[in-house]
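Below: one structure, written as structure tokens.
The values are calculated or read from the model by the stated rules, or taken from the named source; none is laboratory data. Since we're looking at a predicted model, the values are computed, not measured. Positions of Cβ are generated from backbone atoms using ideal geometry, with glycine treated the same way; all protein chains shown enter the neighbour counts. Surface areas here come from the heavy atoms of the whole protein model, side chains and all, with no ligands, DNA or RNA. Shrake-Rupley method; radii C 1.70, N 1.55, O 1.52, S 1.80 Å.
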Amino acid sequence: MKHKFSILLAALLAVGCQTKTSDDMKDTPDNPFFTEWNTPYNIPDFSRIKPEHYMPAFEEGMRRQKAEVDAIVNNSEAPTFENTILAFEYSGELLKEVSSVFFNLSECENSPEMEAIEVKVTPMLAAHGDDIALNAKLFERIKAVYDQYKQGSLDLKAEQARLLEETYKGFVRGGANVPAEKQARFRELNEQIASLTMRFANNVLKATNAYSKTLSDGTTVTLDMPTWEPFMQSCPDRKLREEVWHAFTDRCKEGKFDNTKIIDTLVNLRLERANILGFPTHADWVLDDCLAKTPANVYRCLLSIWKPALKVAKQERDLYQKMLEKDEPGAKLQPWDWRYYSEKLRAEKYALDDAVVRPYFCLDSVREGAFMVANRLYGLTFKERSDLPTYDKEARCFEVKDGDSTIGILYMDFHPRASKRSGAWMTEFRGQHRNLKGENVIPIIQVVCNFTKPTADKPSLLNFDESETLFHEFGHALHGLLSKCTYPSLAGTNVPRDFVELPSQVMENWCRHPQVMKMYAKHYQTGEAIPDELIRKIEAAATYGQGFITTELLAASLLDMDYYSIKAKQHIDPLQFEEQAMKKIGLIPEIISRYRSPYFQHIFTTGYDAGYYSYTWTAILDADAFEAFAESGDLFNPGLAKKFRHLLESGNTVEPMDLYRAFRGKDPSPKALLKRKGML
Ligand SMILES: [Zn+2]
């Protein structure tokens, strides 16, 4: 994934940002978090915030939210939507504010002081979140309101009903509804799962670091992907490739860092926890909160791509087999040969020459291109405002307007610096919502990238991947900017995991469409539009090798689903389990799952359990969504743009799949994705 969200608090601290109060804070007059910002659009006054202000603000923020929750719980009046659901939704305003500023800046303005604060505050926030999630009296009141609603005795507007349902669901999913006699076991399961996932991750890290091999030319191969993959692509020595491939793929399957027993325990514990929560499998529990809803839907989605992908992968295999035979007559292609021959063919036929491509993708032109697409689709305009507060002189600030009204503030922070994490992401200093007075509060959005810096005689010139990244993050930004919701926890990008990448990925389609490329990709010196031949080369490079990429991704996604679809406790030998799963789908032996079980961190540690499918799921959605524009014959079709804008404006106030169908007029089809991958 190309981005990250600051989700640390999102799940539990659905908090609002109404006007700040400064009660009982007389003793800390210098802390800007305890005073009004007094800035345009109430943007945090970054220049006044010093590291020493964070901890007191975090502590006070938690104290205030605790007091607010206590007030809800101790209210002598019967629970109502206003005194319970709404009061909870708008609690913790200061905590939300300091958290968003702190965690956003710790990613792009880091320092030893910031790191020390993060280490200190993270467990405090986790405990604070747990206190709320497992507050039985709070849940009792929420459930009372929910029951009134279910019995039809509450008259709620659609968005209020959605807030109530999502709040209730959030608590139930966190275990608040677990019967008293099972609560101790439920907590025990959570603790065991947390500790096992940590051990799993540590084992992968240690096993990865334990290996390094110095080659005869003095260079060193390690098992870090950025070192390992280029080695596998370029090493002509077949024996050596085999050895290093095994070092990578045999990690944690036995010995000191063995993860197989952890997998056995973890998968069974997750099943038990799902059962306690009332679901037949762990996958059912996870998917209940996603668009996909059920394991059957996920399998259908993945298998709709599987056959065509495997067919193309077999064609690729035959090509590489022939190449191998030229080098080594009689030899049979093996997994450690794949990347080598794939790269060889790419270099011969599909390589893009950086020096030719980059001059057409000057950062300013690509950014203007993204703005132009937003203008043609939604009528938005972007005005640079160098007078507004900023956290770093490199971050550019834009005021985003829809007609005469300002709908949001957008920071774009493009280049690497020592204090910035690598990668690219979108986040918010403040999400759009209405405050308790009903006034609209505009969003403050941040897009962060790590593109090559300009030099004295050259502007920043992007490669094509980077251009797509810019459009991608800008797509997330539009989701935040166009939001037109009432409640903070339902607004903007606060949507399910298998929906959140649709607004971003769909923008990449405009970035790579020849007609649009012609509009924005202009040579930075001559102003000449990108030549057709270069566009064709970029297109060919994009579809090259898709058989392998798609097949290994789908294999991993199906493996994930198989683990978490078990319905009864059982002994699991992950190596056998994986072999069975791959046999069932007919994976060819020259390709293995993108991650083998013992080091498949996404599904055992980092929150993609029964969720690895979402990469494929969202790709189907984004290709299908763009196809609507393409088949209409107008890439900026006003009617479709209006409908898609409605989807972006709605956040999570409506079931996202209903939003999608309202836009598309039908269910998504995998056809457009297959076409894009060259598999039709
Ligand atoms: Zn993204």
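How much length is gained if the chain between Asn375 and Asp354 is pulled fully straight, taking 0.36 nm per residue apart and subtracting their Cα-Cα distance, in nm to one decimal?
Separation in residues times 0.36 nm, less the Cα-Cα distance, equals 4.6 nm.
Counting Lys and Arg as +1 and Asp and Glu as -1, each charge on the Cβ, what is the dipole of the range 379-511 about the Cα centre in debye, to the nearest 20?
420
Give the Debye-formula value of log10 I(q)/I(0) at each listed q (0.11 Å⁻¹), with one equal scatterer per alpha carbon of the chain, two decimals each.
Once normalised to I(0) and log-transformed, intensities are -1.34.
What distance in nm lies between label points placed 7 Å from Cα along the C-beta direction at Lys567 and Gln334?
With each label placed 7 Å out from Cα toward Cβ, I get 4.1 nm.
Given just the C-alpha atoms of the range 81-189, how large is their convex hull per residue in cubic angstrom?
Given the Cα convex hull of the range 81-189, per-residue volume reads 127 Å³.
Taking amide H positions as placed 1.01 Å from N in the peptide plane, with prolines and chain starts having none, which residues 5 or more places from Ile445, or on another chain, fall under 5 Å of its amide H?
Those lying under 5 Å, H to H, from Ile445 are Ile409, Leu410, Tyr411, Phe429.
Size of the dipole of the chain about the Cα centre, Lys and Arg at +1 and Asp and Glu at -1 on the beta carbon, nothing else charged, in debye to 20?
1560
Please list, by residue number, every one of the trypsin sites (Lys or Arg not before Pro) in the range 112-199 that is coil in DSSP and has at most 11 other beta-carbon atoms within 10 Å. Please list the in-between numbers first.
Numbers: sites: Lys120, Lys137, Arg141, Lys143, Lys150, Lys157, Arg162, Lys169, Arg173, Lys182, Arg185, Arg187, Arg199; in loops: Lys157.
Filter output for the range 112-199: Lys157.
With the contact rule set at Cα under 8 Å and sequence spacing of 6 or more, what percent relative contact order holds for the range 279-404?
It comes to 11 percent, rounded to a whole number.
Could you please state how large a percent of the accessible area of the range 385-504 is carbon and sulfur, counting protein chains only and using a 1.4 Å probe?
48
Can you work out the FRET efficiency for the pair Lys642 and Arg238, with r the C-beta to C-beta distance and R0 = 60 Å, to the nearest 0.05?
So, using R0 = 60 Å, E works out to roughly 0.55.
Could you tell me which of Ser386, Ser47, Ala194 has its Cα farthest along the dipole of the chain towards the positive end, charges placed at Cβ (Lys, Arg +1; Asp, Glu -1), taken about the Cα centre?
Most positive-ward Cα: Ala194.
Could you give each residue of the range 464-478 its phi-based ³J(HN,Hα) in whole Hz, using Karplus coefficients 6.51, -1.76, 1.60 with θ = phi - 60°, and x for Gly or Pro?
Working through the residues one at a time gives 5, 4, 5, 5, 4, 4, 4, 4, 4, 5, 5, x, 4, 4, 4 Hz.
Show the residues, 5+ positions off or on another chain, whose built amide H is closer than 5 Å to the amide H of Phe361.
Hits under the 5 Å cutoff: Leu462.
Can you run phi through the Karplus equation (6.51, -1.76, 1.60; θ = phi - 60°) for the range 500-517 and list ³J(HN,Hα) in whole Hz, with x for Gly and Pro?
Taking θ as phi minus 60°, the curve returns 5, 8, 5, x, 7, 5, 5, 5, 4, 5, 5, 4, 9, 6, x, 4, 6, 4 Hz for the range 500-517.
Rounded if a/c is under 1.5, else prolate if a/b beats b/c, else oblate: with a ≥ b ≥ c from the C-alpha gyration tensor eigenvalues square-rooted, which is the range 329-458?
prolate
Would you mind classifying the range 351-421 by shape? Square roots of the alpha carbon gyration tensor eigenvalues, ordered a ≥ b ≥ c; an a/c under 1.5 is rounded, otherwise it is prolate if a/b is larger than b/c and oblate if not.
It comes out oblate by the Cα gyration axes.
Helix-only mean residue ellipticity at 222 nm, the chain, DSSP H runs n ≥ 4 weighted -39,500 (n - 2.57), per residue, nearest 500. What is it?
-17000 deg cm²/dmol
Among the lysines, select those whose C-alpha is under 26 Å from the C-alpha of Lys261, and discard any that sit fewer than 8 residues away in the same chain.
Here the lysines satisfying the reach criterion relative to Lys261 are Lys182, Lys206, Lys253, Lys567, Lys569, Lys583, Lys584.
Figure the gain on full extension for Ala158 and Asp658 (residue separation times 0.36 nm, minus the Cα-Cα span) and round it to one decimal in nm.
178.6 nm
Enumerate the amide H contacts of Leu380 below 5 Å, restricted to partners 5 or more residues apart or on another chain; note that Pro and chain-start residues carry no placed amide H.
Distant-sequence amide H within range of Leu380: Asn375.
What are the ³J(HN,Hα) values, in whole Hz, obtained from phi via the Karplus relation 6.51 cos²θ - 1.76 cosθ + 1.60 with θ = phi - 60°, for each residue of the range 131-142 in sequence order, with x given for Gly and Pro?
Values, residue by residue: 4, 6, 4, 9, 6, 4, 5, 5, 5, 4, 5, 4 Hz.
Can you work out the accessible area per residue across the chain, with the rest of the protein chains kept in place, probe 1.4 Å, in square angstrom?
43
Roughly how many nanometres apart are two label points built 7 Å out from the Cα toward the Cβ at Thr122 and Leu345?
It works out to 4.3 nm between the two label points.
Is the range 255-404 rounded, prolate or oblate when judged by the Cα gyration tensor, a ≥ b ≥ c being the square roots of its eigenvalues, rounded requiring a/c under 1.5 and prolate requiring a/b larger than b/c? Let's see the in-between values first.
On the way: a/c = 2.25, a/b = 1.19, b/c = 1.89.
It comes out oblate by the Cα gyration axes.
Consider a paramagnetic label point 7 Å from the Cα of Gln525 along Cα→Cβ; state which residues of the range 452-468 have an amide N under 20 Å from it.
452-464
Only four residue types carry charge here, +1 at the Cβ of Lys and Arg and -1 at the Cβ of Asp and Glu. Report the dipole size of the range 168-271 about the Cα centre in Debye, rounded to the nearest 20.
460
Modelled label-to-label distance, Asp667 and Arg536, 7 Å Cα→beta-carbon offset: nm?
My value for the distance between the label points is 3.9 nm.
Determine the gain in length on full extension of the stretch Ser304-Lys401; use 0.36 nm per residue of separation and subtract their C-alpha separation, reporting nm with one decimal.
Between Ser304 and Lys401, full extension yields 30.8 nm more.
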